Amino acid sequence: MAADESYPEDLKYHQEHDWARVEGDTATVGVTWYAQDALGEIVHYEPPEQGSSVAKDESYGEVESVKAVSDLVAPLSGEVVEVNQALVDAPETINEDPYGEGWLIKIRLSDSSEADGLMDVSAYRKLLEET
Amino acid sequence: MKLIYEKSKAGRRASTLPHYDLPKAEVPEELRRKRAPRLPELSEPEVVRHFSALATRTFGIDTGFYPLGSCTMKHNPRVNERLVNLPGFRDLHPLQDEDGAQGALELMWRLQEILAEVVGLDAVSLQPAAGSQGELTGLMLMRAYFADRGESDRRANVFVADTAHGTNPASVTMAGFKLQKVGTDERGNLDLEFLRANVNDETAGLMLTNPSTLGLFDESIEEVARIFHDAGALLYYDGANLNAVCGISRPGDMGFDIVHYNLHKTFSQPHGGGGPGAGPIAVRGILEPFLPVPVVAGNGERYRFDYDRPKTIGKVRGFYGPFGVFVRSYAFIRSYGPGLREMSEAAVLNANYLLARLKGTYDLPFERLCMHEFVLSARNLKREHGVSALDVAKRLMDYGYHPPTIYFPLIVPEALMIEPTETEPKEALDGFIQAMHAIAREAAEDPKLLKDAPHNRPVRRLDEVKAAKRAIVRYQFDEHPDMRGEPAEGEAVEAQKGA
Amino acid sequence: MAHQYLSLTDADRDGMLEAIGVSSVEDLFRDVPEALRFQGELDLEPALSEPELVAHLSELAARNVHAGQELSFLGAGIYDHYVPAVVDAILSRGEFLTAYTPYQPEMSQGTLQAIFEYQTAICELTGMDVSNASGYDGPGVAADACYVAKHVTGRGKVVLCETVNPQVRQVVKTYAPGFGVEVVEVAHRNGVTDAHELQAAAQDAACVIFAQPNFFGCLEAAPDLAAAANDAGALPVAYVDPVSLGVLEAPGAYGCAIAIGEGQGAGNYQAYGGPHYGFIAARRDFIRRMPGRIVGETTDMAGERGYVLTLQTREQHIRREKATHNITTNQTLLALGGLIHLSWLGPQGLRDVGETCLALAEYAKERLDLPLVFPEHATFKEFAVHAGRPADDVIRAAREQGVHPGYALRRDYQGMEDALLVCVTEKRTPADIDRLAEVLAA
């Protein structure tokens, strides 16, 4: 079952429809409800390697529906410290729970000030209205 | 319906083979097959019945109207099948000495001459197996040409339109070039301003379909060619839509330097459920030294293979190309002779007639006359009734038509890409028009009828999400899973295509 | 009169032009710039009626010497195996012949199920998990395997054994620069590949391609070659003859990552080199890197079994410049011919064909009484002999007596001036071989 539309208050948002939950020097990263809805049912998650580095605004992996491929864009820079391996077997979790069990990777941030450049929920909602 | 493997029964076989009274020869033990492949075991009547049943679950041009845009699903003349099965063609070994293959060589030489004339270029190689291999060959010719001029390090970029078939960008990558995307203006032509600003001495060339996948002839093609040629770059013509312009306008005259043909589209090789095709290429004289080997050479009396081409890119396919396709296409073109123009005229007339009758009911994104095909949008039905292009396509099946190409080109939302071809009678077009109008009415009155369509095919809509997630791509005998009765994992989704 | 393949009458045309709102067909082309409109008629020969077409092409066909006219021992990649009548009958069904790629599965269950069955047959023959719906030909799928291996391993070199069909090697070399891979060849030692040399060459290679049987007809120590590649971290790729796989071990059983080959011998006529089909099959690990169409099983809305094109995000129409390949149109009808032929044979029939070829080849070696070029090695259906004088002269002389004795290996291998590659399929009889011996002895 796909989740209902929502955008949690406590997250930071990137214009490519990614979210980040920053806790100290780490961040949990995923895609927003809007992104998973646009893509449709996700059938494949191609994660990065644990220990690899990701750069803000650049692709670190892919998700696929039956009809489309979407690059995953890192909202922040750092090292991948954990990958949500459960999604490899059950990628539909991203549709079902995009902000919870559907998280994609955890990053140890190389520059925590980068988070200041991300949108808060009201700015992101505004972006969606304009889209 | 059961798989052929599920019908298998040990002890049956359809084949009989000669038996010679010779000593048995064994393969060395360590190289010998240990476990026999589980091929089906059936008698001949069962084999025939199985495949006949599969045939009845398949819709071909012979079955009915098949307006699959960009695929040119025209009638396949049956005389061509008789000709390709002449033993002199069918049972000829490709390594037969040239003096024992003069008829085959002459046929290829004649076809080369004809194809060059049709596009207005100088030399032809028949070798590529399909359009996409023709594209790759053309791009390798570009590379060889620039290498010969000492410019290959610099000329890294190839421009491709956003309306292009996916093969174009995929070919650019496989040939080792970098892709530059170029947009479409409000009339459906290439974005000239963008090209003027970005085409330079790092540009290798342009790949373009003209008319485009929107079915529109690029009105600025002369200026486009000038921009690329002034920068020292080359123009590649994707011949997917050549059916629109035979005898009407020649790619060589438009300024293209390399052309590929899809013999299975324009020149009536049967599509065979997905192939074979053939993708010969033609080039301007400056590119001739780089053509694949061998080149078929002749003087009207004697024909031979020329391997002595020091600048060749090499071989792109085994032997000389898909010869059987050449036989059919040669026969097809000879049936028209100089009147080949009639073919393209009828194709364009049929398309414009459909367009004229359908455009009030479905949205038309570019208000122009079309060439051999056109693109409508079902966005009006989606907006007003929640019915998608996919639903329209599936409902058409209930009316006995193969659906058009849908969701392509990518720049048109809810796209329906319709190509009737020249061989359809007006009655078939009128029947299709009536069905499309009826479906638009049904969308308003009973949208569920469309969403649940098709209703009378051997299967209902299929769960593509489950197919992709489970990825069961072969029969697994005793371990084969039974997915029947399992809950659906996904709704039917928009099926895109690439011609 | 309208052309016979066109269906519009003058009255139809007038009515249609009126509906469109133009006064002539010429007006439909107003978007074509004036200067680009082709003037006059194409310079083509006059149109032919159907009887004239048949006469003209029959005359061309009659100037070819085909397998029914000459006793031929030509092989070298394309083989005169028997094609059963059921193949012709089923492939001429209009539904199979005139459909296209099964984009709309509800219209195409027959094609889709047939491809699924074909994929299964190829996997069974090769011992692999995944096959695509077909590639262009043997050389083409060899290039495809290199592209897969490059992306799987991230390595920039491929190794080809010199005993692989020269056409295959030539085609791989043509595509390699665009793929960004370097090609290294390993010379043969007395007709086969040395595993130690192969292992040395395979360091840092994406894949190694060897042939079983090889171009000389010799059987390679294929398990050793696969192990050598695996030890070097390169993917072992076996180029195999489908007709041999009733008697020769499946590549999947000796550690190969990918199995490829030319399918022609199973279900296709020689047809002067095409169209035929290439097959490519791999271990499950590489399913997302496979080129081209793949059919998968699923269920419909009512829970019934059905088939669709699947994993399409690999392909050019979705992934575009990042696609695993640019292939679209493939060789489905020819692959269907392969499936029908293999279904006609069944497991026992396939084995019988293989054993017949083996036995006839041994009989021929004995009857010809010419020195074998590589006497140490077992062969399958082809073998090389020293003809004792230039092979081209031998071929010319034999052809004058209605026998084509084989392929001159000097065309591809230096120093093999008198070497003749002789092929015997199940269609050649002991009496045919006796005749060959007689002609070569003369």
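The values are calculated or read from the model by the stated rules, or taken from the named source; none is laboratory data. Remember, it's a predicted structure, so these values are computed and weren't measured experimentally. For neighbour counting, all protein chains shown are included, and Cβ atoms are generated from backbone atoms with ideal geometry for every residue, glycine included. Keep in mind that these areas ignore ligands, DNA and RNA; they rest on the heavy atoms of the full protein, side chains included. Shrake-Rupley method; radii C 1.70, N 1.55, O 1.52, S 1.80 Å.
The table below lists the values:
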read-out: Only listed residue being surrounded by fewer than 22 Cβ atoms within 10 Å (Cβ to Cβ) and either at pLDDT 95 or above or aliphatic (A, V, I, L, M) (or both), chosen from A:LEU104, A:LEU118; value: A:LEU118
read-out: Candidate set: region C:271-299, residues that are open to solvent by 10 Å² or more (accessible area, probe 1.4 Å) and part of a helix (DSSP H, G or I); chosen: the one farthest from C:LEU311 (Cα to Cα); value: C:ALA271
read-out: In region A:1-58, residue farthest from A:ASP89 (Cα to Cα) [restricted to those that are in a strand (DSSP E or B), open to solvent by 30 Å² or more (accessible area, probe 1.4 Å) and polar (S, T, N, Q)]; value: A:THR26
read-out: Among the candidates C:LEU336, C:LEU345, residue that is surrounded by 24 or more Cβ atoms within 10 Å (Cβ to Cβ), under 30 Å from B:PRO28 (Cα atoms) and within 8 Å of another protein chain (Cβ to nearest Cβ); value: C:LEU345
read-out: Qualifying helices (runs of 4 or more DSSP H) (wholly inside region A:74-131; at least 3 residues being over 15 Å from the mean Cα position of the chain (by Cα) and not acidic (Asp, Glu)); value: A:121-130
read-out: Residue match in region B:222-239 (condition: in a loop (DSSP other than H, G, I, E, B), open to solvent by less than 20 Å² (accessible area, probe 1.4 Å) and charged (D, E, K, R)); value: no
read-out: Filter pass, C:ALA442 being hydrophobic (A, V, I, L, M, F, W, C), free of Cβ contacts under 8 Å to residues at least 40 places away in the same chain, over 20 Å from C:PHE374 (Cα atoms) and open to solvent by 10 Å² or more (accessible area, probe 1.4 Å); value: no
read-out: Any chance B:GLY275 is assigned by TED's automatic domain parsing to the domain that holds B:TYR145 and not in a loop (DSSP other than H, G, I, E, B); value: no
read-out: Scan of region B:368-402 for residues that are closer than 23 Å to B:GLU345 by Cα and either more than 26 Å from the chain's Cα centre (by Cα) or among the hydrophobic types (A, V, I, L, M, F, W, C) (or both), ordered by number; value: B:LEU369, B:CYS370, B:MET371, B:PHE374, B:VAL375, B:LEU376
read-out: Candidates B:GLY69, B:GLY88, filtered to the one that is touching a helix residue (DSSP H, G or I) at 6+ places or on another chain (Cβ under 8 Å) and open to solvent by less than 50 Å² (accessible area, probe 1.4 Å); value: B:GLY88
read-out: Among (1) buried (at least 21 other Cβ atoms within 10 Å of the Cβ); (2) free of Cβ contacts under 8 Å to residues at least 60 places away in the same chain; (3) over 22 Å from C:SER108 (Cβ atoms), the one test that B:ALA415 misses; value: (3)
read-out: Boolean, B:ALA389 is touching a Phe, Trp or Tyr at 6+ places or on another chain (Cβ under 7 Å), in contact (Cβ under 8 Å) with a residue 60 or more places away in the chain and over 20 Å from B:ASN241 (Cβ atoms); value: yes
read-out: Residues (open to solvent by 10 Å² or more (accessible area, probe 1.4 Å) and in contact (Cβ under 8 Å) with a residue 40 or more places away in the chain) located in region C:178-213; value: C:ASN190, C:VAL192, C:ALA201, C:ASP204, C:PRO213
read-out: Some residue of region B:282-302 being open to solvent by less than 10 Å² (accessible area, probe 1.4 Å), hydrophobic (A, V, I, L, M, F, W, C) and within 17 Å of the chain's Cα centre (by Cα); value: no
read-out: Residue in region C:243-255 that is assigned to a helix (DSSP H, G or I), free of Cβ contacts under 8 Å to residues at least 12 places away in the same chain and either within 18 Å of C:PRO139 (Cβ to Cβ) or within 11 Å of chain B (Cβ to nearest Cβ) (or both) present; value: no
read-out: Those residues of region C:64-76 which are open to solvent by 10 Å² or more (accessible area, probe 1.4 Å) and more than 7 Å from chain B (Cβ to nearest Cβ), in sequence order; value: C:GLN69, C:GLU70, C:LEU71
read-out: Residue in region C:410-425 that is assigned to a helix (DSSP H, G or I) and within 25 Å of the chain's Cα centre (by Cα) present; value: yes
read-out: Hits in region B:192-214 (condition: open to solvent by 50 Å² or more (accessible area, probe 1.4 Å) and of a type outside the set (Gly, Ala, Ser)); value: B:GLU193, B:PHE194, B:ARG196, B:ASN198, B:ASN200, B:ASP201, B:GLU202
read-out: Test set (1) in contact with a Lys or Arg (Cβ under 7 Å, 6 or more places away or on another chain); (2) within 7 Å of chain C (Cβ to nearest Cβ) - B:LEU121 fails condition number; value: (2)
read-out: Subset of region C:1-44 (residues that are free of Cβ contacts under 8 Å to residues at least 12 places away in the same chain, open to solvent by 90 Å² or more (accessible area, probe 1.4 Å) and part of a loop (DSSP other than H, G, I, E, B)); value: C:MET1, C:SER23, C:ARG30, C:GLN39, C:GLU41, C:ASP43
read-out: Some residue of region C:316-332 being crowded, with 24+ Cβ neighbours inside 10 Å, touching a residue at least 40 places away in the same chain (Cβ under 8 Å), under 19 Å from the mean Cα position of the chain (by Cα) and part of a helix (DSSP H, G or I); value: yes
read-out: Residues that are modelled with pLDDT of 95 or more and closer than 22 Å to C:THR310 by Cβ, drawn from region A:65-89; value: A:LEU87
read-out: Verdict on B:VAL316 being outside any loop (DSSP other than H, G, I, E, B) and out of contact with any Lys or Arg (no Cβ under 7 Å at 6 or more places or on another chain); value: no
read-out: Top-ranked residue in region C:45-55 [being at the interface with chain B (Cβ under 7 Å from one of its Cβ atoms) and either without any contact (Cβ under 8 Å) to a residue 40 or more places away in the chain or part of a loop (DSSP other than H, G, I, E, B) (or both); ranked as surrounded by the fewest Cβ atoms within 10 Å (Cβ to Cβ)]; value: C:PRO46
read-out: Where B:MET436 falls short, out of the listed (1) more than 14 Å from every other protein chain (Cβ to nearest Cβ); (2) over 25 Å from C:ASP27 (Cβ atoms); value: (2)
read-out: Breaking point among (1) open to solvent by 20 Å² or more (accessible area, probe 1.4 Å); (2) within 11 Å of chain B (Cβ to nearest Cβ); (3) in contact with a Pro (Cβ under 7 Å, 6 or more places away or on another chain), for C:ASN230; value: (2)
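Matching residues to (1) exposed (fewer than 15 other Cβ atoms within 10 Å of the Cβ); (2) on the phi < 0 side of the Ramachandran plot:
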| site | (1), (2) |
| --- | --- |
| B:ARG441 | yes, yes |
| B:GLU445 | yes, yes |
| B:PRO458 | no, yes |
| B:LEU462 | no, yes |
| B:ILE472 | no, yes |
| B:PHE477 | yes, no |
